[in-house]
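Take a look at the structure below.
The values are calculated or read from the model by the stated rules, or taken from the named source; none is laboratory data. Just so we're clear, the structure is a prediction, and the values are computed from it rather than from any experiment. When we count neighbours, we look across all protein chains shown, and the Cβ atoms used for this are built from the backbone with ideal geometry, even at glycine.
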Amino acid sequence: MNDLGPQALIGGVIVFAGFLLDWLAVGLGWKRIRPYTKVAALVLLISGVLEMMGFAPGFPAWLLILALLFGLAGDILLLFPDRFFTWGLGAFLLGHLTYLALFGWLIRSGNLSGLVPRTPVWAWWCLFLALLLGILVFHWVIIRKMRPPGPSKWMRAALYLYAICLTAVMVVSYLAAISFWDKGVSLWSLPLGGTLFFISDFILAYDRFVRPLHSAQLWIRISYHLAQFFLALGFISLLSLIAMPPGV
């Protein structure tokens, strides 16, 4: 098994302490510190990822850092939702696109190195159908039911684009896990992270555009932080595996 060792455990404890503090700040209504705990939570995660990489990540690892930085930028912008919601949405969209680029690099590298076989055609069709289903869920549950006056046509188009990229991250995370299923990495963390990201943004969109939900912010934070954590864990595991010499 590709073991990340005690360093990962210590880093995980520190990161989760930051997450827990932010969840308490949201759940208990500590309004004065909530903006700081929100930012600190992802800063700790980024710092933990950099430490695990010896503060010297290579190109594909920088894609992971970049995706997390886009998430951090989105977190900061959404502290001012009335003024910068669209910019925050754009930052998260760039983060999803970066995750997709990293997924593509990992799967292609696995194919070229012989670690994993090429994805069969039937699997691509299954993924396409799953992607279509996720987009339809967004359309029927959120975009069709937006409370008046509703967003402009440009904002509506941006939401469709965001839904496509968000769903694609979730779907491709399953493809990556299936591709590397027998390699002993933390494959379960990728689809878990992708699914939690979908859930987090789905709750956020429903709460903002359709109907306010009780304790929505707490559940958004919990699912979002866990999504970023599990995606980072899965990516680090796969990057470590691909960097190993053949036969090791």
Looking at W154, W181, can you tell me which residue is aromatic (F, W, Y), surrounded by fewer than 20 Cβ atoms within 10 Å (Cβ to Cβ), within 22 Å of L129 (Cβ to Cβ) and modelled with pLDDT under 90?
W181
Regarding F70, is this residue assigned to a helix (DSSP H, G or I), of a type outside the set (A, V, I, L, M) and closer than 19 Å to L166 by Cβ?
yes
Scan region 82-92 and tell me whether some residue there is of a type in the set (D, E) and within 14 Å of Y224 (Cβ to Cβ).
no
Which one of these is of a type in the set (A, V, I, L, M) and touching a Pro at 6+ places or on another chain (Cβ under 8 Å): L79, L97?
L79
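Each row is one residue, and each column tells you yes or no for (1) touching a helix residue (DSSP H, G or I) at 6+ places or on another chain (Cβ under 9 Å); (2) part of a helix (DSSP H, G or I); (3) exposed (fewer than 13 other Cβ atoms within 10 Å of the Cβ).
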| position | (1), (2), (3) |
| --- | --- |
| L63 | yes, yes, no |
| L66 | yes, yes, no |
| T86 | yes, yes, no |
| G90 | yes, yes, no |
| Y99 | yes, yes, no |
| P117 | yes, no, yes |
| L129 | no, yes, yes |
| P148 | no, no, yes |
For region 38-45, check the following and say yes or no: at least one residue is buried (at least 17 other Cβ atoms within 10 Å of the Cβ), in a helix (DSSP H, G or I), touching a Phe, Trp or Tyr at 6+ places or on another chain (Cβ under 7 Å) and modelled with pLDDT of 95 or more.
yes
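Does W23 satisfy the criteria of being touching a His at 6+ places or on another chain (Cβ under 9 Å), modelled with pLDDT of 90 or more and either under 26 Å from L161 (Cα atoms) or in a helix (DSSP H, G or I) (or both)?
Yes.
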So L112, is it touching a Leu at 6+ places or on another chain (Cβ under 7 Å) and farther than 21 Å from M155 by Cβ:
no
For I203, indicate whether it is at pLDDT 90 or above and part of a helix (DSSP H, G or I).
yes
Lone qualifier among S189, S215, S173 - being closer than 28 Å to V39 by Cβ, surrounded by fewer than 17 Cβ atoms within 10 Å (Cβ to Cβ) and touching a helix residue (DSSP H, G or I) at 6+ places or on another chain (Cβ under 9 Å)
S215
Given the criterion within 20 Å of the chain's Cα centre (by Cα), under 18 Å from A205 (Cβ atoms) and in contact (Cβ under 8 Å) with a residue 12 or more places away in the chain, identify the matching residue among T86, T98.
T86
